[in-house]
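Throughout, read-outs are computed from the coordinates displayed, never taken from laboratory work. Owing to the predicted nature of the structure, the values given are computational and were not obtained by experimental measurement. Every residue, glycine as well, gets a Cβ built from its backbone with ideal geometry; the counts of neighbours run over all protein chains shown.
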Amino acid sequence: MLERSQSTQQQARETIANGGVVIYWRPGCPFCERLDAHLGALGDEATWVNIWEDPQAEAHVQSLNDGNSTVPTVDTGDISFVAASDKLRERTAKLLRNVIEGKQAQQN
């Protein structure tokens, strides 16, 4: 089971509004576990939302995935995708690295 800090759909909206990355997941999802393992500490930069704990989050995921509750769904507001392949897990890592670079640029 993922041991990330859990957020709500309201927090996810705030993350997206601030240029961040939201990852929707659910317990028992092997693709979610693989994404979590692939990201390592980089995953701490994302907002993680359990769709089984937040009905609004599940409805949002369904709106992104043709009515399906498919996870892990990655959402930035501009783009969304299901990160179930190595290529898309790496795309998620790249998005998170961009978030970090953006934060560092703002500090300078």
- Message: Just the residues that are closer than 14 Å to D75 by Cα and in a helix (DSSP H, G or I), please, taken from the stretch 36-59.
- Response: G43, E45, A57, E58, A59
- Message: Cβ contacts < 7 Å: first residue at positive phi, restricted to the stretch 13-31; second residue not aromatic (F, W, Y), any location; separation 6+ or different chain. Result?
- Response: G19/V99; G19/G102
- Message: Is it the case, given these coordinates, that A105 is among the small types (G, A, S), buried (at least 21 other Cβ atoms within 10 Å of the Cβ) and not in a loop (DSSP other than H, G, I, E, B)?
- Response: no
- Item | Neighbours by Cβ (under 7 Å, 6+ apart or cross-chain): first from the stretch 32-58, under 24 Å from I100 (Cβ atoms); second among the acidic types (D, E) | G43/D36
- Could you tell me which residue of the stretch 60-86 is nearest to I100 (Cα to Cα), considering only residues that are in contact (Cβ under 8 Å) with a residue 24 or more places away in the chain and in a loop (DSSP other than H, G, I, E, B)? T76
